[in-house]
Every structure is written in structure tokens, then in C-alpha cells.
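These notes are about the structure you will find just below.
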Amino acid sequence: MTYRLTFLPLIVMLAFAFWLPPRNAISQIRDWRPAIDSIWGKGLPDDDKLAIFDSVWTRIDQNFACFHNITVNWDSLRTHYRPEVEQGVSRGRFAAIMNHMSLALREGHTQFKDNPVNRDFPLAPGVPLLYVGGWANNGHFGAGLTPLPDSSLLVYKAVDNHPLGLEPGDIVLGYHGIPWKELYPRLLQQELPLAGQFWGSSPSAHSHSFLMAAGMNWHLFDTIDIVKYGSRDTQQLALTALMEADMNLWCSEQLPLPGVPMLESADLFGPERIAVSWGMVEGSNIAYVYVYNWTRDTDQRFLAALRDIMFNHKSAGLILDFRVNFGGDIRKSNPGYNLLFNSYIETILVDIRCGDPREHLLMCPHPERPASYFAIDADPDSYYDKPIAVLIGPGAISAGDHNALRLKRHPRARFFGKSTNGAFNGPSSIAVGAVDLEDWNLRYAHRETYLPERPDEYLTHREFPVDESVWLSPDNVRQGIDDVAQAAIDWIRATTEVAVGASDRAAEPQLRISPNPVRNEATISFSLSQPGSVRIEIVDLLGRSITRAVDHTFPAGSHRIPWDARDCSPGNYLCLLQSAHSRRSIHFQVIGN
């Protein structure tokens, strides 16, 4: 018999509450400090460790750009850790100190790693490494997990014949009868060295990145607690079955869609480093594009995808899936965005630290990143005027954050999923004098991002607002349905069904504003294929109405309307045209005298 698990998270919470062992079981979690000290040996000389510590602490103190929106006492961390480093610590302990120093800054780029400890050492029973993240090869566990609202972990993907019998729809609760949401903070308190990838920078993404790694930390425990989808039975299973397993599984918190090629690890990290794939969702005229980074030739592949969609297919809408995007060069999106937009528009600005180096919140404009550096400079004759669904999640970091944010400027875009990582900044490396740093990767955020219209609101650590909060669910995962993608498909279908004449481009009014940028006066031009009422409104980028330029009935044909722009202060705006048959908009900029 197949069960519908609409209320499964609540059932899981109630069942697990009765099943939990006494609270003193939590105190029996192993003390990992002896293993941390013994496994990796002495490491660098004590003087070199101290030089690394001092150099990193000072660079952060003087140049870290993202002290806004977090609470951290950077001085107290130096006071706490430096005497211990000065007295001499093991390689494992020093790696852990540096890892947790960077973790205190809650920023995805900012990580201080001893690669042979934190990156290259194999995960195995008894190895004191706490894994973070899960947007990669999850072969160590053989299943991909994603958090449910109650912080239990949904199995959304698993290898065939999983050693523990895991299947999509099952739920991982924790280990030794203790929920993972309680276990991982206690492991953090023990300051194990950190393995895996990046952590989240926004509050929701931060917890997400640790929760999703539950399965990848099985090597720290003896038994695992799961709930089976079909029977709803809670089981405690021995982990010995995983010890000899040889598994490989690329996980991205996405499920495949019929008709759309989905990339795997061999595509992303193989010789060609392919990061873009696209297709038409089977049984529809909805286009779908995956983008996993903004490096190498992603700009050309992204451009090719959008050209194919816009010129070779009669699409009703476009889905851009950025749920996992490892970043790169923000401007790699520009060739494609120039097709989607139809005017010059400034998108983001960046600041760096300046003034007194001990004043953590003093910022100045980046001298090499003017507003034009991240602007979109699109052809007025090219514009995607159909619904654009942008899928985002905590696995979108750095340029993944930024290029989702830049699409907020498109009036047809709507966002689905969860907040991006929140790492709205740029990284730089740290050098340490004459110390050999061959084994070390020391990076920090040296610039911070804000929107031109909100210069006092820095974005790192903030939540990325989504229009529709939706994530994977047990019932749909069991059926192979991606909830986030399905919500976007449903929205596009609903939008195009209610749009009168949405598929008839000839019936749509053409719209221009010139000159652009506007100084004092401009001309708004549009054309109609049939007579009807037309309303043209000027709004800011937050959607607030500034003025109504036109509200009349017009005959078919071309029309030119003079407009006085002096009521608009310098900045970026949208000109919105609504007729009886469609809706169209363009971006424009007002500049001062």
C-alpha cells in the first residue's frame, strides 16, 4: 500500500519525541580532542603557526568588508585563541582554530583551511572531521539530503540498492536517538576541523548548509535514525554497512525534468567544465536553463542557450535554475542578460574598507568598480517579454548570489525556492610573509555589495527575498517531482493563460524611451496593432509609482508622447505600458543636469 505523507513532518516530530532516549545520552557523545591532536601530528613549527594566526587576524581586522549584519567580537577571538597557539598546538587543533575563526564571521567566502586536513583527508570512521554542505559528490553517504521545515532531513536522491535501504522520500532524523539539529551544534562546540564546502552567509542558508550535511557525517557515529516513507516506521540502523561501500552520487537539491538535460559531476568538473544545459520542458513550450557557475566559457554557453530559446522556439516562459551556482565572474551573465533586458541599467555597487583600520564599519566606494562595471547595457531591440521564473537556494553563492539579484531588475522575473547563500561580496587571498603556505587556502571577503538605491544597506548576511517560498517535499520527491521547478511551471502556465494575446507578438505594443539616459525631457514611443486604451506609468525599482505619463485611448499605429522627467530624481526607473492586449516595460535612467 502507498501512503500519502502530506503531514509527514508533523508525524515524524511526534513519533521521534516519544522515541528519544534520555537527555543524558547527549552528554555521552565522544570527546574528539585526543583524535584531533593525534591523527595529523605536529605540523608546521609553532612560530609559523603563530605567524599565520597573526597575519590572518590582522588582515580580517583591517580589511574584512562584511562586519555589517553580524555580531562578532573579533578582538575576543584573538584573546581566546592566540595564547593557545603561542604555547604550541597540533596540526589538527591549529586547523580547527583557524576553521572556527573563519566560521565566526558567518561568510561563505571567508575560510581558512589547511588543505591536507580540511580538504584532502578521507572521511572514515573515527576521523574527527565535521562536514559542511552537500552540493557535490555525496558518495560518502550515497544519498542526498535536504532540510524539511522541522529540520529533519529528506532523502531526495540515493544510489541504487543503498546499503541502508535509503530511497527518495525517506527521512533521516539523526544519530544515536538524537536529532541532527541538536547534534551538529554540539560538534561545533567541540571545534572539530571542518571538511566539505562553504557554509551559508544568510541565517537561513547557514543552518541549511549544516543540516543538509547530516548524512556526510555518519563517520562520527555508530547508528543512524531514519523514518521509512511507505511504512512510516522509525528505524535505528547500524552504520557498519557503509564502511565498505563504494558509492558515487552527485547531489544538487534538484530533480531531473523530462526534456531538459541535467548536468552531472563529470560535466562540471571534467575536462570541458560544462556549466550550462538547457531544453524545453517535455509536453510544454516552457524553456529551462541550468547554470552551475559563472566561469570559463559559461558566458558563451548561457548566451547560446538564450539565443536558441528566443529565436528558435516559441516559448511561453523561461525558467532559470540557479539553485546551485558556485560563483565566478559576475559579468559572465551579461551577454545573456543583454538579450533578456532592453536598456542600460545599473544593478549593484561595491564598497571596501577605508579610514581607521580598526573601525570595522567604515566603508568607501571601490576605486576600480564604478556603477558601470556591473551594469547591464542591453540592446533596445532585444527583450524577453514572457514570464521568467528564477529558482534559487542556499547553494547559490558569490556570483550565484549576485546574478540572481541582478535579475530582480527584470519586470517579468519571479523568484522561487529559498534564500541564496547571502555572500554578496568578493573574495581575496591572504599572504603570510615568508611562511610556506603551499598547504593553506586563506581567503576572505574584501568588498561588500549594495543596491544603488539603498547605499546604506549592505547585503552580505541578509536573506534574499523570494516571491514563492517552496522546497522539496516527501510526497513529490517520491514521485520524482521537483516541487520548486513545478511551482515555476505552474506559475508560467497560469500567467500565460490569463494574458490576452500573450502569444501574438504582432498585437503587443512596442515601447521605447529616448534619450536614455534621460536628463530633463524625453519622448515615449509605442505602437499598437489595433486601437485601445493605453496607460503608461513611471515606477521606481521597488515598484512604487512616481507618475502617470499617459492614460488615454489611442488609434492603431505608432505614437510619440513628450514627457517631462524633471519630477524624477536621478536614478533607475521602469516605464510600464499596459494596453487592452498586453503589458510591456523598459528600464531607463534619469541623470542630473
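Any read-out appearing in this document is the output of simple, stated calculations on the displayed coordinates, not a laboratory observation. Model, not experiment: these values are computed from the prediction. Virtual Cβ from ideal backbone geometry, glycine too; neighbours counted across all protein chains shown.
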Label-point separation (nm) for ASP456 and ALA556, each offset 7 Å from Cα along Cα-to-Cβ?
5.4 nm
Dipole of the chain, positive end: most advanced residue of ALA96, THR58, PHE198 [Cβ charges, Cα centre]:
PHE198
Roughly how far apart, in whole Å, are the Cα centres of the range 542-579 and the range 180-214?
49 Å
For the range 505-590, calculate the relative contact order in percent as a whole number, restricting contacts to Cα pairs under 8 Å that are 6 or more residues apart.
36 percent
Which value, in debye to the nearest 20, gives the size of the charge dipole of the chain about its Cα centre, when Lys and Arg are +1 and Asp and Glu are -1 at the Cβ?
1000 debye
Calculated from backbone phi, Karplus (6.51, -1.76, 1.60) coupling profile of the range 356-368 in Hz, x at Gly/Pro:
4, x, 8, 8, 5, 9, 7, 9, 9, x, 5, x, 10
0 to 90° range, to nearest 10: angle between helix 180-189 axis and the chain longest Cα axis:
70 degrees
Compare the peptides 121-132, 279-290, 200-211, 381-392 by average per-residue count of other Cβ atoms within 10 angstrom and give them in order, highest first.
200-211, 381-392, 279-290, 121-132
Given the Cα-Cα distance of THR223 and SER527 and 0.36 nm per residue of separation, how much length would full extension add, in nm?
102.5 nm
Selection of trypsin sites (Lys or Arg not before Pro), the range 188-274, meeting DSSP coil and at most 10 other Cβ within 10 Å:
none
Once amide H atoms are built 1.01 Å from N in the peptide plane, which residues 5 or more positions from ASP150, or in another chain, come under 5 Å H to H?
none
Give, as ranges by residue number, the residues of the range 292-319 whose backbone N falls under 19 Å from the point 7 Å along Cα→Cβ of SER429.
295-296
Along the Cα→Cβ direction, 7 angstrom out, place labels at ARG443 and ALA124. What is the inter-label distance in nm?
2.9 nm
For the chain, what is the mean residue ellipticity at 222 nm derived from helices alone (per DSSP H run of n ≥ 4: -39500 (n - 2.57); sum divided by total residues; nearest 500 deg cm²/dmol)?
-7000 deg cm²/dmol
When the charge dipole of the chain is computed with +1 on Lys and Arg Cβ and -1 on Asp and Glu Cβ about the Cα centre, the Cα farthest towards its positive end, among ASN73, PHE588, GLN254, belongs to PHE588
Using a Förster distance of 22 Å, how high is the FRET efficiency between MET243 and GLN190, based on the Cβ-Cβ distance and rounded to 0.05?
0.45
With +1 on each Lys and Arg Cβ and -1 on each Asp and Glu Cβ, how big is the dipole of the range 505-590 about its Cα centre, in debye rounded to the nearest 20?
180 debye
Which residue, ILE376, ILE513, PHE424, has the largest displacement toward the positive end of the dipole of the chain when charges sit on each Cβ (Lys, Arg +1; Asp, Glu -1)?
ILE513
Would you calculate the separation in nanometres between label points at LYS42 and SER382, each defined as 7 Å from the Cα along the Cα-to-beta-carbon direction?
6.2 nm
Rounded to the nearest Å, the spacing of the alpha-carbon centers of the range 80-120 and the range 372-397 is 38 Å
Two-site FRET efficiency, ASN137 against ALA371, from Cβ-Cβ distance with R₀ of 30 Å, rounded to 0.05
0.15
With 0.36 nm assigned to each residue of separation and the Cα-Cα distance removed, ILE481 to ALA304 gains 61.0 nm
Count of lysine pairs in the chain with Cα atoms under 22 Å apart, counting only pairs 8 or more residues apart in sequence or on different chains?
11
Using the 4.7 Å Cβ rule, please list in number order the cysteines from the chain without any candidate partner.
CYS66, CYS251, CYS568, CYS575
What is the percent of Cα-Cα separations in the chain that go past 41 Å?
31 percent
Among the DSSP beta bridges whose two residues both lie in the chain, what percent are antiparallel, rounded to the nearest 5?
75 percent
Scoring the chain by relative contact order with C-alpha pairs under 8 Å, at least six apart, yields a percentage of 14 percent
So between ASN115 and GLU468, what do we pick up on full extension, going 0.36 nm a residue minus the alpha carbon distance?
123.2 nm
Given a Förster distance of 45 Å, report the FRET efficiency between GLU282 and GLN87 from their Cβ-Cβ distance, rounded to the nearest 0.05.
0.10
Rank-order 70-82, 406-418 by packing density, defined as the average count of other C-beta atoms within 10 Å over each peptide's residues, highest first.
406-418, 70-82
